[in-house]
Structure formats: structure tokens, C-alpha cells
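Student: Below are the C-alpha cells for one structure; questions will follow.
The values are calculated or read from the model by the stated rules, or taken from the named source; none is laboratory data. Note that this is a predicted model, so its numbers are computed, not measured. Note that each Cβ is placed from the backbone with ideal geometry, even for glycine, and that neighbours are counted across all protein chains shown. With ligands, DNA and RNA removed, areas are computed over all heavy atoms of the protein, side chains included. Shrake-Rupley method; radii C 1.70, N 1.55, O 1.52, S 1.80 Å.
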Amino acid sequence: MPETAPQTMRKSYRTLFVSDLHLGSRGSRAARFLDFLNRTDAETIYLVGDILDIWHPGRVHWGETHDAIIEELSTRARAGVRVVYLPGNHDAALRLHEGPMFGAFELRETDVHKAADGMRYLILHGDQCDARIFRWHVMTRIGSRADAALRAADQWLKLHLHRTSERGLFELAIMGVNALMLVGNKFEERLSALARERGHDGVICGHYHKAALHHRDGLVYANCGDWVDNQTALVETADGSLKMLAWSGETQSAELWTPAAERSRRA
């Protein structure tokens, strides 16, 4: 288990947004997320859905690392960090307990985040805006089981064929299918329209395991990505800028894109 990084080694942000850890599933990269968490501080932490994978009766893959993640987040919440949990479709059972506090966390269906620069962002997991067919419970359960089976097969191949590549063929296939579903689902359009209807400047979500941070129809669209196929997180700096980080196991995460940088290029 990774050791907690000294305070001086941690990068500090005003707000941290993460989604789709899928703790309890075969594909979760719990150790990598714990390493990232131990090297990152924030005044507010948004858990943007599918943090737990608790919607099916199959085998739960859980260990000390998973416990350490929950304990670290709980410890920070008790110390004064605002931790907001917005359930997704894989942890939808938690929506039944929505209220000001859930343990040490705030539990909400949606929330509005006001950034340091005054921008207001609608925050939700995103499955609420899925096309109807993808919201059918039976369809999503079949997809989850298929995903687990393919990842199990991929792990078997890596073990028995002594493959050391980071991504196997099945993992790449899963990522490709997710990308195709995103194109056909008009996911971004629905979420951006919802944010506009509510008078916000942008939307921050998860759900589709595809990190994104760009302008769409005059609004900011941000997707936190995931900690299964990718290791990405969205952060807000002290001046209100949003940045997408890709965790590489180093103390410095790689900055992918910022709306501020895009505005500078356009100017």
C-alpha cells in the first residue's frame, strides 16, 4: 500500500473533482488513486459518481487499499474538508439516502459549484442525461457483466502469456465501445443544455470514462474521466481555472488542457 506523502510533497488545489473509481469492481485502479489522493490536497472534494461499484450481486473485489481510500476521505471530511458525494448509476442505491450529511460526506443528486472566478458549474454524475436505452436497468447490468468478463479474460491472457503491456486487447476494445456509445448518445449535448436551462456557466460530470475539458455552445463542458481505463482528475486552482490532470504515478500530474489557455489562444 502506498505511504502517505508528506504535506510538503502534496499539490494543493481549491477543488478536486474525481469520478468513476468503481471501487469493488475488477477494473478499479484503487492503488493508483490512493497514491494520487495522498499527494493531493483540496479545500473541497467532489466525488462525481460511481465511486463504489455496488449495483450487482457478483464478486466484490475489495481489500485494504479500498478501505484506506474511504478512511482518507472520511478523515479529511472530519478535519474540515468539504467532501460531496454525488451518486451515479453504479452506486445509485446511495441516492435513497440523499441529505446534508452521509457519514462524513454530503450526499447530493446534483450540486452547483461556484468557482473562485465567479463561474457557476452544475455538477452531476451524468447518467441522468443518458439516452433512454442506456438507462434501462437490464441493459446496464448486461454491460457491467460483459465488462467484468472481458477484463477477467484480459488479466488471464497477461498472466499466462506473460504479457507486460499496460493495456490489453480487451481493454482497448472496451475503451473503443465506450467512445462509440458517447458519439451516438449525444451525452454532451444533453448535459450542456441542462446546465444552460438552469442558468449555469458549465457542467462537470463523469459516467463515460472519457476525460474532457472544452467549450461547447458557449458553456464549459468537463468530464472527470475515470480510474479504470484512465487515471484522470479535474481540479480548480486558486484563481478559479479548471485543469485536467492525468496521473502518471509521479508527484507532478500532467496538465492536459485548461479553458483559460483556450481563451488566451483565441484572443
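Student: Under the condition of being at positive phi and at pLDDT 90 or above, which residue from the range 103-127 is least open to solvent (accessible area, probe 1.4 Å)?
Tutor: Looking at the filtered set, the residue picked out is G126.
Student: Would the range 34-44 turn up any residue that is part of a loop (DSSP other than H, G, I, E, B), at pLDDT 90 or above, open to solvent by 10 Å² or more (accessible area, probe 1.4 Å) and farther than 17 Å from I123 by Cβ?
Tutor: Yes, some residue in the range 34-44 is part of a loop (DSSP other than H, G, I, E, B), at pLDDT 90 or above, open to solvent by 10 Å² or more (accessible area, probe 1.4 Å) and farther than 17 Å from I123 by Cβ.
Student: For P100, which of the numbered conditions (1) over 25 Å from D201 (Cα atoms); (2) modelled with pLDDT under 90 fails to hold?
Tutor: Among (1) over 25 Å from D201 (Cα atoms); (2) modelled with pLDDT under 90, P100 violates only (1).
Student: A follow-up question, please. Tell me which of these W55 doesn't satisfy, since it passes every other one: (1) touching a His at 6+ places or on another chain (Cβ under 6 Å); (2) more than 15 Å from T65 (Cα to Cα); (3) open to solvent by less than 20 Å² (accessible area, probe 1.4 Å).
Tutor: Failed condition: (3).
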